[in-house]
Amino acid sequence: MAKEQVTITSTVAVATRESLRRRRRFGERFIEGWIFSNGLLAIIVLLGIIFVLLREGIPAFFYTPPWEFFFGTKWYPVSEPPTFGVAPFFISTLWVTLVSTVISVPVGIGCAAYLAEVAPDKVRETVKPVVEILAGFPSVVMGFIGMTLLSPLVQTAFNLNVGLSGLTAGIMLAFMSLPIIVSVSEDALRAVPEEFRQASYALGATRWETIAHVSIPSALSGIAAAVMLGVGRAIGETMTVLMVAGGALAVPYSPTQPMTPMTSAIASGIGNAVRGGLQYQALFAIGLVLFVMTLAVNLIADRVLERQKRKFER
Amino acid sequence: MLRKLNKKWFMIIPAILIATAVLLAGCTAGTDNARPSATSTVPGLTGAIDITGSNTVTPLSTIWAEAFMKANPGVNISVSGPGSGAGIAALINGTTDICQSSRVIKSTEIDQAKAKGVNPYEIKIAGDALAVVVNPSNPVNELTIAQLSAIYTNQITNWKEVGGNDAPIVVLSRDTNSGTHVFFKEHVVQMDGLPTKNTKLEYGNKVLFLPSTEGGVTETARNVNAIFYPGLAYVNPTVKVLAIKKTADSPGVKASVEASLNGTYAVSRPLLFYTNGAPTGIIKAFIDYCLSAEGQKKVTEVGYVPLSK
């Protein structure tokens, strides 16, 4: 009797478990498929973008040989015949990004170290959300602020003819990439195990020594990711540099000159370009160069990260 | 735990589906309702017109569009001003009904349009004069076309070379999206219509190309060494208008509606609409309104030059 009951309950249990597994399998398979197709979609979209960039951009090199395109310093897309040389845009992008990085990286990491290591909880809990709100400012608002508030300051501070310059744009971009750098590096620093710090203090290290020699090196991969995100934002940002950088076509030999970074060259020309026309192709070719640049930045960052990690494994 | 999760999922998915279905139904119901009511309450013109192109024509088109939509509530007109070149590109690509332009379409653009089966049809809607403006504290009062050309090609780089202070000239221009850019290049930089005409001349590489006319006027009002060329409608008291002399011995004329109408001002130009083929339907009705006496009165209000007669 007792034996029978046991078998009955066990078959019931098996049956419910079976149905549960089947149900779970269906749900799981559905979700798995969903996630898989999403992953696939991202790759398809990426390949599609690369394909379009190549298809629209490569023909530009039939009209302007690559040598003249990359090293040419004259950009007259609406003249007859048009000339396309992108050297000024390329160098402008480098200047603007350099200025932005030089300002935002030390300040950003310093701010993150303060928030993660020094600041009392109350301060961190108020400051971090505020910093993150900064990231949400539309770039056109930042451009407007740069044009009306910052450019007169830069003009008087550096005694320039015009306040609209690569320097002004770089400072604005630094403000825009700061929140990302602060937020991501702060997360990375907070992820460093408390034992590391305790061990460091136990060895008699000061707080500064602990931050500089223990916390920051341990969080370096996260901080590097933060810096890359910041640099990426600076290279790709369009509206702000279009409004603030000045838009001159000369090859800038100093960041205090007005200049046209690649993004604003594309933005200020694409509306005017007829689909499939020479200018349209040239602008796509600039887009292609921009894409290759960001790809290179990411690859280099990957390399650096990998080497850094290996160093710490030892 | 897993069972709970599963149940949650099975509830969330139908919920999302239902929500989307309701939303979609709402949308279609909305459009279904909107159409008949629009036609029933307003006898007459209905439809939408897209106008895009010149930044300069935008204030005028906007005022016309507002007045026309007030008179015909069934019509919806959208106006945007990325630049004449952009407008012509949009016309060629078939993405706009009317292209507003501050320069004449180029022969290469007509070829591109024909290749896409678009037949640009030109309608002159008003005139405009490009004022040359400087900061009010600048002592320079007049310039010749040749001097302007030299300034914009960076051959003259200091104000003292044209009778001003010993200070570098900050040369401001519109970017290549703008019809103003091309018009000023042909008529001032390359000195079209003068014996010194030279179509090889280009803007110098120290010229600042700005994305909007308002931005140029603001910068000129702020920067004591700046020079810029806004359309007449953008001139305000924060900047000083220079008198322009065709040649060194001709009289200096300041940009104004009168000077443009009587032909004494050198840097004036037509403002144009382009449509694909001769306009029909509501587009024709709108353009007829623009060209009517009432429409031309608005031209003067905005600060442009009405068509004579």
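The values are calculated or read from the model by the stated rules, or taken from the named source; none is laboratory data. Since this is a predicted model, take the numbers as computed values, not measurements. Quick reminder, even Gly has a Cβ in these numbers, built from the backbone with ideal geometry, and neighbours come from all protein chains shown. These accessible areas exclude ligands, DNA and RNA; they are computed on the full protein's heavy atoms, side chains included. Shrake-Rupley method; radii C 1.70, N 1.55, O 1.52, S 1.80 Å.
Basic side chains Lys and Arg get +1 at the Cβ, acidic Asp and Glu get -1 at the Cβ, and with that the dipole of the range A:67-313 about its Cα centre reaches some 160 debye. Between helix B:213-222 and chain B there is an angle of about 50 degrees, using the helix long axis and the longest principal axis of the Cα atoms. Cross-link partners of B:LYS298 among aspartates and glutamates, defined as those whose alpha carbon lies under 12 angstrom from its own and excluding same-chain residues fewer than eight positions apart: B:GLU66.
Using Cα-Cα distances under 8 Å and only pairs 6 or more residues apart, what relative contact order does chain B have, in percent?
24 percent
For chain B, what proportion of DSSP beta bridges, expressed in % and rounded to the nearest 5, is antiparallel?
On the way: 22 of 39 bridges.
Antiparallel: roughly 55 percent of the beta bridges in chain B.
When the square roots of the Cα gyration tensor eigenvalues are ordered a ≥ b ≥ c, the ratio a/c for the range A:161-276 is 1.5 or more and a/b exceeds b/c, which makes its shape prolate.
Which links in B:LYS160/B:LYS185; B:LYS185/B:LYS245; A:LYS74/B:LYS116; B:LYS254/B:LYS297; B:LYS106/B:LYS185; B:LYS200/B:LYS240 stretch past 20 Å when you go from one Cα to the other?
B:LYS160/B:LYS185; A:LYS74/B:LYS116; B:LYS254/B:LYS297; B:LYS200/B:LYS240
Count the DSSP beta bridges whose two residues both fall in the protein assembly as shown, then state the antiparallel fraction as a percent rounded to the nearest 5. Around 60 percent of the beta bridges assigned by DSSP in the protein assembly as shown are antiparallel ones.
Our estimate of slack between B:THR264 and B:GLU301, defined as 0.36 nm per intervening residue step minus the Cα-Cα distance, is 11.2 nm. Could you check what % of the DSSP bridge pairs in the range B:123-239 are antiparallel, to the nearest 5? Around 45 percent antiparallel, to the nearest 5. Under 12 Å between alpha carbons, and skipping anything fewer than 8 positions from B:LYS197 in its own chain: which aspartates and glutamates qualify? Filter leaves B:GLU186.
Mean sequence separation of contacting Cα pairs (under 8 Å, at least six apart), scaled by the length of chain A, corresponds to a relative contact order of 24 percent. Over the range B:116-222, with the other protein chains present, what is the accessible area per residue in square angstrom, probe 1.4 angstrom? Accessible surface, normalised per residue, equals 36 Å². Once C-alpha pairs closer than 8 Å and six or more residues apart are averaged by separation and normalised to the residue number of the range B:226-309, the relative contact order reads 25 percent. Between B:SER250 and A:TYR76, the FRET efficiency estimated from the beta carbon spacing at R0 = 25 angstrom works out to 0.25. Axis of helix A:2-57 versus longest Cα principal axis of chain A: the two differ by about 10°, to the nearest ten degrees. Between the alpha-carbon centres of the range B:103-143 and the range A:160-203 there is a gap of 47 Å. Annotation for the range B:172-273: chymotrypsin sites (Phe, Trp or Tyr not before Pro) lying in DSSP loop with at most 14 further Cβ atoms inside 10 Å of their Cβ do not exist. With a ≥ b ≥ c taken as the square roots of the eigenvalues of the C-alpha gyration tensor of the range B:100-246, please select rounded if a/c is under 1.5 and otherwise prolate if a/b is larger than b/c or oblate if it is not? It is prolate, given that a/c is not under 1.5 and a/b is the larger ratio. Between helix B:58-71 and chain B, what is the angle of the helix's C-alpha long axis to the longest principal axis, kept within 0 to 90° and rounded to the nearest 10? The answer is roughly 40 degrees. Note on chain B: GNM, Cα springs under 10 Å; of B:PRO230, B:PRO73, B:PRO270, the largest mean-square fluctuation is that of B:PRO73. Oblate is the label for the protein assembly as shown, because a/c, from the alpha-carbon gyration tensor with a ≥ b ≥ c as root eigenvalues, is 1.5 or above and a/b does not exceed b/c.
From helices alone, chain B scores -12500 deg cm²/dmol at 222 nm; the rule is -39500 (n - 2.57) for each run of n ≥ 4 DSSP H residues, then divide by the residue total. Approximating the spin labels as points 7 Å out from Cα along Cα→Cβ, the A:TYR253-to-A:THR148 distance works out to 3.7 nm.
For the pair A and B, the buried accessible area comes to roughly 3000 Å² in total, with a 1.4 Å probe and the value rounded to the nearest 100.
Could you please state how large a percent of the accessible area of chain A is carbon and sulfur, counting protein chains only and using a 1.4 Å probe? Show your work: numbers first, answer last.
Details: 11840 of 17070 Å².
Ligands and nucleic acids excluded, carbon and sulfur give 69 percent.
Backbone phi angles across the range B:75-89, fed through the Karplus curve with coefficients 6.51, -1.76 and 1.60 (θ = phi - 60°), yield HN-Hα couplings of 9, 10, 10, 10, 10, 9, x, x, x, 4, x, 5, x, 5, 4 Hz in residue order; Gly and Pro are listed as x. Ordered by 1.4 Å accessible area with all protein chains kept, B:TYR121, A:TYR253, A:TYR280 run largest first as A:TYR253, B:TYR121, A:TYR280.
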